[in-house]
Each structure stands twice: as C-alpha cells, then as structure tokens.
Amino acid sequence: HLLFTDPFVGTFAALLLLPDGPGPHPALLAVHGHATEAADWPDGYGALDYVDAGYAVLATEHRLMYADAAENAAGRFLLLSGLTLAGLHIYEMLLAQKFLRSSALVDGEALGLLGHSAGANKANLLLRIADAFDAVVTDVDTEVVYEGATQQFHEAFVPALWPYQDLI
C-alpha cells in the first residue's frame, strides 16, 4: 500500500503488486471504475494473472468515483473553478506513471495502462493528452459528455472536448 502526496491534489492511495524476483519488471498502471477501488484489481480484474506473468501492477485509488451526489457536487465545484474531475484523476495517473518510471523495481521503458469502466474513460482521455504509456487496454469507448437530461457531472465530463466528442 502506497500513499502519494502532492501539493496540488493532496494525498491519494495506490496498491503495488510485485512479481517474485528482483526486477526490474515491466509494469501496468491499473485504473478502477465507478463504485470499485484499487483493491478490486487483484481478484476481480485479473491483476494477479499479470503479476504471475512477471508484471508489476500499480492500482491507483481515485477519489470521488461512485457516480453519486458527492461526485456530482465535486464535479460541479471544479467546473465552476475552471477545473475538471477528469483533470484531477489524469494528474493522479501521471503522478503514478512518474513513480513507475523512477522506481528501481520497474522497467521504466515498459509501461502499460489498464482501464476498467470509468477508469477506461480516464485512460482513453490520457491517451489524447500525454505520451506516457507504451500500451493501453480499456474496456469502454469513452463519451466525453454529460449524461442525459439530469446533467450528471462525472469524471468524463470535459467541456472543452464537447466539440470533438464524435471523433473520440
């Protein structure tokens, strides 16, 4: 269990799973979806299979990932402040990627990204703004919009990308 602390986004947690042996190991950054958490990756999403195959897996714990009233309120607050919840999570992912690239346990030249559900939304967005990973696997085609008439603001709502939503 790791804690990342940053002056811009505060502290967030991650779970690092390492294969047997001294390394350095190729690594995967695993990003969970709504109503799930980093601890779901080992058993629920097959991270232990990757570890058995020789990969280190870093599963980040993203805050405000429950598609609930708190996520909606935070998303609205951030938008009124000129920020986005997606931006917060992308920044956390880039901090985790920086850790992986600098760790002696990891082969910093062999990094992959796994995204599940809402985590896939973030992974798909990160692909468009940073050349940070060598391979990416996600399970969702991302719509960067708001959800229907309720205008539920969640992690994939990025107003500046609205004109490009059909191309993404």
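The values are calculated or read from the model by the stated rules, or taken from the named source; none is laboratory data. Predicted model, so just to flag it, every value in this text is computed and none were measured. Glycine gets a Cβ as well: all are built from the backbone with ideal geometry, and neighbour counts include every protein chain shown. Heads up: the accessible areas ignore ligands, DNA and RNA and are worked out on the full protein's heavy atoms, side chains in. Shrake-Rupley method; radii C 1.70, N 1.55, O 1.52, S 1.80 Å.
Here are some notes:
- Tabulated pairs, the stretch 58-78, first over 20 Å from Leu95 (Cα atoms), second at pLDDT below 85 and among the acidic types (Asp, Glu), C-beta under 8 angstrom, 6+ apart or interchain: Glu71/Glu155; Gly75/Glu155
- Top-ranked residue in the stretch 129-146 [being in contact with a His (Cβ under 9 Å, 6 or more places away or on another chain) and surrounded by 14 or more Cβ atoms within 10 Å (Cβ to Cβ); ranked as modelled with the lowest pLDDT]: Tyr146
- Residue check for Ala96: in a loop (DSSP other than H, G, I, E, B) and crowded, with 16+ Cβ neighbours inside 10 Å: no
- Looking only at residues in the stretch 29-54 that are on the phi > 0 side of the Ramachandran plot and either in a helix (DSSP H, G or I) or more than 16 Å from the chain's Cα centre (by Cα) (or both), the one that is modelled with the lowest pLDDT is Gly46.
- Selected residue (only one of Leu126, Leu161, Leu114 is within 19 Å of Gly75 (Cβ to Cβ) and at pLDDT 65 or above): Leu126
- Within the stretch 2-21, considering residues that are farther than 21 Å from Leu88 by Cα and assigned to a loop (DSSP other than H, G, I, E, B), the one least open to solvent (accessible area, probe 1.4 Å): Pro19
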